[in-house]
Amino acid sequence: MAMLKPKAPEPRALDLAETRIAALTLPEGGWAEPARRDALSRVRDMGLPIARDEYWKYTKPDTLTAVEPTPAALFEDDDAPVFGAFDRLKIVFVDGVFDADASDDLALEGIEIERLAESRADIHWAKDIYGTLEARGQTPVKRPLAALNTAFATDGVLIRVTGKPSKPVSLIYHHKSEASDAILHHVVKVEEGAELTLLENGPAAARVNMGLEVDVADTGVFRHIRAQGRDHERRAATHIFGRLGRESAFKSFTLTANGVLTRNEVVLELTGDDAIAHVAGACMGDGDFHHDDTVFVTHDAVNCESRQVYKKVLRNGAVGVFQGKILVEAGAQKTDGYQISQSLLLDDDSTFQAKPELEIYADDVACSHGSTSGAIDEEALFYLRSRGLQKAEATDYLTLAFLAEAVQEIDDEDLQAEIVERISAWLFRRRAK
Amino acid sequence: MLEIKNLHVKLEDEDKAILKGVDLTVEAGKVHAIMGPNGSGKSTLSYVLSGRDGYEVTDGSATLLGEDILDMEPEERAAAGMFLAFQYPVEIPGVGNMTFLRSAVNAQRKARGEEEMSSTEFLKVIREKAKDLQIDQDMLKRPVNVGFSGGEKKRNEILQMAMLEPKLCILDETDSGLDVDAMKLVSEGVNALRSPDRGFLVITHYQRLLDHIKPDVVHIMSDGKIVKTGGPELAMEVETHGYQDLKEGA
């Protein structure tokens, strides 16, 4: 594969890494330690992201790499919690620390769940995944914050799915201290023919560095629905690394409303034939809001399908970023790749930066990508108003309509309705202001 | 009911006049048809009356039940009893047909200071009206107009009209894109809404819709003006001779 030789890291990036590393403690002992040490040397070699990095062109990394997190005011959420009405196995983290009292018993048929922080044995199924998928995701683009996460994660869950559990596993994150800084890392292994729905909600901390590695074996199914919390001042850098086996499916959806800075990276590798990977995101930003979706999907098997569907609604100076790539390796014939990134700009102050990319080395593929930025459709607005809806209400309906393609990536109708409900509530609050 | 006097309209960002002095009165209980060649200003008239952006009224007036409507927002006109059935109804993904219609009904009621319709009552009424238009449950639940055929979209417009119970209904080229069966169904829906206290303005290029929705008065519009007014026989004349003769006759 043709590839540019990576540039040597800048001295400033290396210094930044050393400063950050010096302020952290690498958890010792157990099966994960070798992987953590490998990740540590990756960080040392790469350095941390700096503003000059091509991959950080649209998003300033400084507050994500700084030793101290920027304090974030606590947020009183008077809404009922997301997914609150759903029967699920709850696992609660407060400022990045597992809360046993608030969590359910970590037992469910068809599934094994352990805490990363407690898992100290020398031999463990997660050993083959922890840091491995992250390391694979470092080429061709380096992701130092993910390696930093692997090295220093203090907590997280290890989920091995062997059957079809009766309910979703739900990770719930609370932010209760103004200057909290969390590094969480989860590992999911979906065994052959097994299925898991993973829910995540909440802001986690004033600043969170979140890692999720998902290995889906042949014919396994992984569904993921995430709502990132409505704290206005929180910052988040998240990475999802997924590896998909034959005839497996990976479907991930993220809702982001508020948060001064969010960088969500998704790195997927389709390694088995006939696999399906769908990633989608809907975000709503008002004012001091910067949201970055950076996605890299690699097709390395025959007859696979991938979809990237990202929609952003921006107003009052909010900024949206999309960097998305479909890489089709030689031999990955019959690939069906789709990528769409769109923004709805509700005023002239908001901006959307998009960098859609295709890189194809196979000759029998169908790949498409598109990116648009636009305002509310005047014709549609007139249609709704002519039926009696106030302008603000009509605009909300059209906003929902705009986000629909992303939200519809959620398979489960009830979960889809739950997300629509959240979006409507968010819009309603803006209208009421 | 609807009274238009000497209405002059131009595009907001162009100087070219589109309506050049339209005079028209639609009485309650009557169906008025406006026919005319493409570009005569028929659709513009419907848009100006319902409040679409992009037009500037340079002279004249339009009142609905004595109220000046030209300064009203589109939603205010709707609450005052104006309804436009679109030539090209807009698709709204992600918003259920029924949810949308209930919001619209209640928005209008609220604007008029009336009590909102409960969901039980709404469901009962909409099921009845949908049945008459052969609109099934699935179509009611689906997102507004998304994946609807041409005929389904027009039937959905009539369903909205039936639910919103306007005083004045404007139908803009409702026959376009309809086959004979669909046109019959839509026309039956419209005819069912005819009542002594409701007026209709049916805009059409062809006479065939008027076989199904029988007009009381027919107007011919040409170059931004109404050039001839008569009974239903005028529509037959257009059918036989085209618009050319009528224009010359004017």
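The values are calculated or read from the model by the stated rules, or taken from the named source; none is laboratory data. Note that this is a predicted model, so its numbers are computed, not measured. Here the Cβ is made from the backbone with ideal geometry for all residues, glycine too, and neighbour counts use every protein chain on show.
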Among (1) of a type in the set (A, V, I, L, M, F, W, C); (2) over 20 Å from A:V266 (Cβ atoms); (3) touching a strand residue (DSSP E or B) at 6+ places or on another chain (Cβ under 8 Å) - the single one A:A330 does not satisfy: (3)
Is there a residue in segment B:131-147 that is within 14 Å of chain A (Cβ to nearest Cβ) and buried (at least 22 other Cβ atoms within 10 Å of the Cβ)? yes
Go through segment A:333-433 and tell me which helices (runs of 4 or more DSSP H), entirely inside it, have 2 or more residues that are within 14 Å of chain B (Cβ to nearest Cβ) and within 25 Å of the chain's Cα centre (by Cα). A:391-407, A:413-432
All-but-one check, A:G374 against (1) closer than 30 Å to A:N303 by Cα; (2) in contact (Cβ under 8 Å) with a residue 24 or more places away in the chain; (3) among the small types (G, A, S), failing number (1)
Of the conditions (1) surrounded by 15 or more Cβ atoms within 10 Å (Cβ to Cβ); (2) closer than 28 Å to A:I423 by Cβ, B:S119 clears all except one; give me its number. (1)
Taking segment A:200-244 only, how many residues are touching a helix residue (DSSP H, G or I) at 6+ places or on another chain (Cβ under 8 Å) and either closer than 18 Å to A:I91 by Cβ or of a type in the set (S, T, Y) (or both)? 6
Tell me, which residue of segment B:104-115 that is surrounded by fewer than 21 Cβ atoms within 10 Å (Cβ to Cβ) and on the phi < 0 side of the Ramachandran plot is farthest from the other protein chains (Cβ to nearest Cβ)? B:E115
In segment A:292-318, what residues are surrounded by fewer than 20 Cβ atoms within 10 Å (Cβ to Cβ) and assigned to a strand (DSSP E or B)? A:E305, A:R307, A:R315
Among the residues of segment A:245-265 satisfying the criterion of being free of Cβ contacts under 8 Å to residues at least 40 places away in the same chain and outside any loop (DSSP other than H, G, I, E, B), which is farthest from the chain's Cα centre (by Cα)? A:A249
Hey, can you tell me all the residues within segment A:21-37 that are over 12 Å from A:N149 (Cα atoms) and crowded, with 16+ Cβ neighbours inside 10 Å? A:G30, A:W31, A:A32
From A:G281, A:G229, A:G220, A:G242, residue being modelled with pLDDT under 95 and crowded, with 21+ Cβ neighbours inside 10 Å: A:G229
Could you check segment B:1-101 for strands (runs of 3 or more DSSP E) lying wholly inside it with 1 or more residues that are within 14 Å of another protein chain (Cβ to nearest Cβ), touching a strand residue (DSSP E or B) at 6+ places or on another chain (Cβ under 7 Å) and of a type in the set (G, A, S)? B:82-85, B:92-96
Do the conditions hold for B:V31, that is, is it buried (at least 22 other Cβ atoms within 10 Å of the Cβ), at pLDDT 95 or above, under 24 Å from B:T229 (Cβ atoms) and not assigned by the TED database to the domain that holds B:K124? yes
Restricting to segment A:411-424, give me the number of residues that are surrounded by fewer than 14 Cβ atoms within 10 Å (Cβ to Cβ), in contact (Cβ under 8 Å) with a residue 24 or more places away in the chain and not acidic (D, E). 0
Tally of residues being touching a residue at least 24 places away in the same chain (Cβ under 8 Å) and closer than 18 Å to A:Y130 by Cα across segment A:26-73: 14
Does A:L184 count as within 30 Å of A:E421 (Cβ to Cβ) and modelled with pLDDT of 95 or more? yes
Across segment B:158-208, what is the number of residues that are aliphatic (A, V, I, L, M), within 14 Å of chain A (Cβ to nearest Cβ) and assigned to a helix (DSSP H, G or I)? 6
Do you know which residues across segment A:101-126 are under 19 Å from A:L184 (Cβ atoms) and part of a loop (DSSP other than H, G, I, E, B)? A:D101, A:A102, A:S103, A:D104, A:L106, A:S119, A:R120, A:H124
Confirm whether B:A192 is surrounded by fewer than 18 Cβ atoms within 10 Å (Cβ to Cβ), small (G, A, S) and either modelled with pLDDT of 95 or more or farther than 18 Å from B:I34 by Cβ (or both). yes
